[in-house]
Protein chains: 6
Amino acid sequence: MGIHRFFTSLNDLERIIRAPGMFKFEEHNVAAHSWKVSQYAMFFATIEERAGQEVDWKSLYEKTINHDFAEVFIGDIKTPVKYASPELKEMIAKVEEGMMEKFILREIPSEFQAVFFERMKEGKDSTIEGRLLEMADKLDQFYEAFAELKRGNTDKEFIVMYRIALTKLLNLPLDASVNYFRNTMLKDVINEETAIDVKEITRQIIADH
Amino acid sequence: MGIHRFFTSLNDLERIIRAPGMFKFEEHNVAAHSWKVSQYAMFFATIEERAGQEVDWKSLYEKTINHDFAEVFIGDIKTPVKYASPELKEMIAKVEEGMMEKFILREIPSEFQAVFFERMKEGKDSTIEGRLLEMADKLDQFYEAFAELKRGNTDKEFIVMYRIALTKLLNLPLDASVNYFRNTMLKDVINEETAIDVKEITRQIIADH
Amino acid sequence: MGIHRFFTSLNDLERIIRAPGMFKFEEHNVAAHSWKVSQYAMFFATIEERAGQEVDWKSLYEKTINHDFAEVFIGDIKTPVKYASPELKEMIAKVEEGMMEKFILREIPSEFQAVFFERMKEGKDSTIEGRLLEMADKLDQFYEAFAELKRGNTDKEFIVMYRIALTKLLNLPLDASVNYFRNTMLKDVINEETAIDVKEITRQIIADH
Amino acid sequence: MGIHRFFTSLNDLERIIRAPGMFKFEEHNVAAHSWKVSQYAMFFATIEERAGQEVDWKSLYEKTINHDFAEVFIGDIKTPVKYASPELKEMIAKVEEGMMEKFILREIPSEFQAVFFERMKEGKDSTIEGRLLEMADKLDQFYEAFAELKRGNTDKEFIVMYRIALTKLLNLPLDASVNYFRNTMLKDVINEETAIDVKEITRQIIADH
Amino acid sequence: MGIHRFFTSLNDLERIIRAPGMFKFEEHNVAAHSWKVSQYAMFFATIEERAGQEVDWKSLYEKTINHDFAEVFIGDIKTPVKYASPELKEMIAKVEEGMMEKFILREIPSEFQAVFFERMKEGKDSTIEGRLLEMADKLDQFYEAFAELKRGNTDKEFIVMYRIALTKLLNLPLDASVNYFRNTMLKDVINEETAIDVKEITRQIIADH
Amino acid sequence: MGIHRFFTSLNDLERIIRAPGMFKFEEHNVAAHSWKVSQYAMFFATIEERAGQEVDWKSLYEKTINHDFAEVFIGDIKTPVKYASPELKEMIAKVEEGMMEKFILREIPSEFQAVFFERMKEGKDSTIEGRLLEMADKLDQFYEAFAELKRGNTDKEFIVMYRIALTKLLNLPLDASVNYFRNTMLKDVINEETAIDVKEITRQIIADH
């Protein structure tokens, strides 16, 4: 027991592959994903601040870097749960929560347990920081799917993943950020040369929106 | 839908790593593990037959090659559930079962669904074939842990894994096979040169037995 | 000497890459290949049984899981022997056979040597199980080539491999299985979205047939 | 040009290996390292706050996640510059700085350039956040070297790296954090079972301190 | 100190990846690159000899196998320096040179230092062997870029790399070799089936030439 | 057909792993091995020249970079042929030779076929260059085995490989080089810190010599 155990467990997340089992041209691990999410969130928080919103940077920092720590227990299984019902999804969430609780009680020194319970709880709440986490997390999924389409991965799962991520991004209640993403970033994205016609897929999704 | 989808999903198991997250000198995937289990089981079935038991080879074949197919849905998470309670373990089993059911109903042609439900159900029952599956599966865990100890992996998880696997092997109700493992194979195992003193660890486990 | 040596040598096959040297988007090892072959064979044996054939499941089990064990000695070299004459191919087969014999005599305990000589001999004979092994082995080659074409591998070797595997599959003397493959599975295969026009290549092969 | 280019360049850091060329049992990439640094820094900032210090969390967030972005240009070369003079080190820093400047001017939209110049500048200044970054960065180097010694890497470079990192950690002007590291964490670290006698090496370093 | 240290450092170059950070379907290390360069150079030297030139084979041998040894210090950073000015490039060259000098003085036995200073100096001079090195080195860059375009890598960096390498090859003052490359080899190259239209890109480059 | 085909086949050797199947802490490919052999050979040729021998550098260059090209056909199988008789070894050599011949006749332009037959023939003859190739090739095997012992690989195959390589090196008819290796290099080698007691193993081999 001790914070040393927590620190060494961070290393394990460098060995947890996202979307395991699926064929991918580029593999990503949970540690690197968490870092990219913290980068995207910082950028959109800057946009929100400029649009007059108040950002709690400490909260955003905590939410982004911790949001996938629980994957150390059961890996990254939420994305490809194509055969899962809402009931099964809820069960998985409970399993993860139960393991997280046991981990904190066993490994984290008692004087830090309250802090860890706070930091490790589900971060995607209705605060602006919770929404920025949601946006950053979806953006990374969007980028992972985009990269596969760009490199010519014809497995349908990635078109589905691209569509879901893009649709969720466009629907997020974060006006300034979503506008920036839609009106500025998305243009650069679809102007890239890609093996699969991402431009057309994107247009359809926006039209359906 | 179609058997083609089942066949291509087999490939995904070549990309599912066993004991994900943990540092290992040798990585193993679920497809190769399933093959090794089918090899061990065939050997011990031969021993049981010579000892007068009757073996249903078709059943053994089905049990061994299919026993971990469900990991295609949520990966290999049972081994490192060190923080899991029996309650959590049961939940995970239910999630897996639920996904397996949905998969068969959606992907397998209707004329083969009954066969697949039979072949994909939990194989570790009290038949001699169920016990041979249990023995072969534990033996592979034993070998994976042994290889890490042999190569000098000092992470305690592997000593724990070695102890659990060995103890379970010695307790299995398969007299001829367990005798052969204990009196013949185990001698060769502990006579290998190893970085960590596996011989001593093994002696203690046998003494405690 | 001892069965422990045989069991640890199985692990080496997880490190033997199929079609070494060639550029591939997906790498496969001999252990995982053997498992997939045992899966395909089980499925087609079910089809043959339903069509009235009698299947010796023990023999099928033995043939499929052991058919490539000899690659532990000289690796997977039969596939890319584009520069080999039939004479050279025969020499390679003899080398492999010679090594297999020496291995059994040196490593396998004497009371199991007869069993191993039986199980390790060439399995592709004219029995129905021998034909099922041939079909399953060719099907995995077909799938490996198909996956490369699907992902956009323009190296000609894979079109050649696809053509050879498909032609051999269509010619196998296993009526029910070949019919199922041709009339049911192949439709699903060529309806997949692919980077290279596999549908057209397949039509030509069938037309030439 | 556009933030899309910055976001996709983050991905490149997942492909930049730390301490390239050296033999390592565990490889780490710059993206995952940045995340671990942001985790360590958050923990020690919590300790500093409890000890009465005021922490600017936004600044700490910015410093930790951006501190190695410039490695996208020339890779991770600072650690193994065993043959470098201070003069050469300074040159490398200038090269990196020059590339960073060109990158911001070419790729970042003008309205964000000031923010990026601020965030991407050298973060290890004399503020408490600068010191926390320094501590977190050294701690990751300490952990990387420790893991190699633990797994039996006898290459001297890692003993040197361990000694340098530990000595620097003990000398940092961050009293509460260094005390916690020295009196609490370090005990757990040296009580781990290791292939190389890290306990003894550590005692000598502390004695020399 | 001693030649043993030099020999073991060769191994490090097997771990230095060319064009680090960039997404590539095929990764190459500096050791294998050096070997391919020595192969190309030998072929073109044969062509030059047949065209009446005199080749100093010892010099060619020395130049080709040693030309990238200095990358052991700071990795392969010259290729992707899109953000570097000529000034920055010169600085990098100086850093490398400085490290090379320190390495020879510290590690190479004194009786061989003069030989190593001679062999490790920049080899791309105006001698015929210097030009053959230049040609072989560019040809490997050409082939690396070609392979990415062939496999469908749409990242613009590889079109740029292909264009630069091809243009430089066509401009080299090595008449017989460049003629052979242009009139014989290039035809075979552009007749390969490729995912990206390399034939068209090549025609434009030749037309612009 | 064309030299382009030969050049692209060089790339395949970057994908051929030496000693396939065996567990190794460090993997090596045939391309990088060939480069290291050409480096060792150059060094020892320098020693021989200083000792008054005449070296044909062109021949040495040709021999070293081409000596393992034939492995492109059947991979690296000579080392672990522990179960092979001399008869089987000879057969393998014939297979390789036969494939090499077919390759040259089919792929190499006719005006270069004579050159390629000369360059690709077995290089380990009784000339000084043939002996330098033999020495360099054995030295790389010595170093590969040494690195495994150093890192704690307890598989007996590597002690055997170390013993064979060292014994052959000490017996080579290349006085100046062998003296340098034995009296100067070997001291540095056995003074390295190693996980397995290489010093003792080495002393025994020298004593037995």
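The values are calculated or read from the model by the stated rules, or taken from the named source; none is laboratory data. Every value quoted in this text rests on a predicted model; they were computed, and no experiment measured them. Every residue, glycine among them, receives a Cβ derived from its backbone with ideal geometry; neighbour counts consider all protein chains shown. Only protein heavy atoms, including side chains, enter the accessible area calculation; ligands, DNA and RNA are left aside. Shrake-Rupley method; radii C 1.70, N 1.55, O 1.52, S 1.80 Å.
Of E:67, C:28, the residue with the largest accessible area leads and the full order is E:67, C:28 (1.4 Å probe). Here the simple spin-label model places points 7 Å from the Cα toward Cβ, and for residue A:87 and residue E:94 these points are separated by 7.2 nm.
Inter-copy label distances for residue C:200: 1.6, 1.6, 6.8, 6.9, 7.1 nm (label point placed 7 Å from Cα along Cα→Cβ; shortest first). Charging the Cβ of each Asp and Glu at -1 and of each Lys and Arg at +1, and nothing else, the dipole of segment E:3-207 about its Cα centre rounds to 360 debye.
Apply 1/(1 + (r/R0)^6) to the Cβ-Cβ distance of residue D:118 and residue A:184, taking R0 = 25 Å, and write down the FRET efficiency to the nearest 0.05. Using R0 = 25 Å, I get an efficiency of 0.75. Panel note: contact residues of segment F:83-114 (accessible area lowered by at least 50 Å² against the chain on its own; 1.4 Å probe) correspond to F:83, F:88, F:91, F:95, F:99, F:102, F:112.
Distances from residue A:122 to itself in the other copies, using label points 7 Å out along the Cα-Cβ axis, amount to 2.8, 4.6, 6.2, 6.2, 7.2 nm in increasing order.
List the residues of segment B:174-209 whose backbone N lies under 12 Å from a point placed 7 Å from the Cα of residue D:193 along the Cα-to-Cβ direction. The answer is B:195-202, whose backbone nitrogens lie closer than 12 Å to the label point. Averaging Cα coordinates gives a centre for segment A:1-46 and one for segment F:12-68; these two points are 41 Å apart. Normalising the average separation of contacting C-alpha pairs (under 8 angstrom, six or more residues apart) by the number of residues puts the relative contact order of chain A at 23 percent.
Among D:173, D:86, D:109, the largest mean-square fluctuation in a Gaussian network model of chain D, built with springs joining Cα atoms closer than 10 Å, belongs to D:86. Axis angle, to the nearest 10 degrees, between helix E:156-171 and the longest C-alpha principal axis of chain E: 80 degrees. Residue of chain C with the Cβ closest to the rotation axis carrying C onto D, and that distance rounded to whole Å: C:27, 9.
Taking the Cβ-Cβ separation of residue C:205 and residue D:46 as r and a Förster radius of 51 Å, what is the calculated FRET efficiency to the nearest 0.05? According to the calculation, E is roughly 0.20.
Ligands, DNA and RNA excluded, the heavy atoms of residue B:110 present near 90 Å² of accessible surface to a 1.4 Å solvent probe. In nanometres and ascending order, the distances from the residue A:52 label point to those of the other copies are 4.3, 8.3, 8.3, 9.0, 9.5 (point 7 Å from Cα along Cα→Cβ). Comparing mean-square fluctuations of F:18, F:131, F:50 from a GNM of chain F with C-alpha springs under 10 Å, the top value falls on F:50.
Directionally averaged projected area (segment A:21-134, Cα convex hull): 8.7 nm².
Per residue, the convex hull spanned by the Cα atoms of segment B:93-209 measures out at 141 cubic angstrom. The Cα atoms of segment A:3-207 cover 54, 43, 31 Å along the three principal axes, with the biggest extent listed first.
For the set C:94/C:124; C:150/E:138; C:94/F:89, the pairs lying more than 21 angstrom apart at their alpha carbons are C:150/E:138.
Taking the 1.4 Å solvent-accessible surface of chain D as the whole, the part contributed by carbon and sulfur is 47%.
Under a GNM of chain D (C-alpha, springs under 10 Å), which listed residue has the highest mean-square fluctuation: D:145, D:114, D:41? Ranking D:145, D:114, D:41 by mean-square fluctuation puts D:114 first. Computed with a 1.4 Å probe over protein heavy atoms only, the accessible surface of chain B comes to 38 Å² per residue.
Taking the longest Cα principal axis of chain F as reference, the axis of helix F:110-120 is set at about 20 degrees.
Taking label positions 7 Å along the Cα-Cβ direction at both residue B:27 and residue E:125, the computed distance is 4.7 nm, reported to one decimal. Interface burial in segment C:1-28 reaches 40 Å² or more for C:3, C:4, C:7, C:10, C:11, C:14, C:15, C:21, C:23, C:25, C:26, comparing the full protein assembly with the chain by itself; accessible area from heavy atoms with a 1.4 Å probe. The HN-Hα couplings worked out from phi for segment D:33-40 by the Karplus form 6.51 cos²θ - 1.76 cosθ + 1.60 (θ = phi - 60°) are 4, 4, 5, 5, 4, 5, 6, 4 Hz, whole numbers, x standing for Gly and Pro.
Annotation for residue E:168 and residue F:164: the two label points, set 7 Å from Cα along the Cα-Cβ direction, are 4.2 nm apart. The aspartates and glutamates within cross-link reach of residue E:102, meaning a Cα-to-Cα straight distance under 18 Å and a gap of 8 or more places when in the same chain, are D:87, D:90, D:157, E:12, E:68, E:71, E:111, E:118, E:122. Taking θ as phi - 60° and the Karplus parameters 6.51, -1.76 and 1.60, the scalar couplings of segment B:2-8 work out to x, 5, 4, 5, 5, 4, 5 Hz in sequence order, x denoting glycine and proline.
Across the protein assembly as shown, the convex hull enclosing all Cα atoms gives 182 Å³ per residue.
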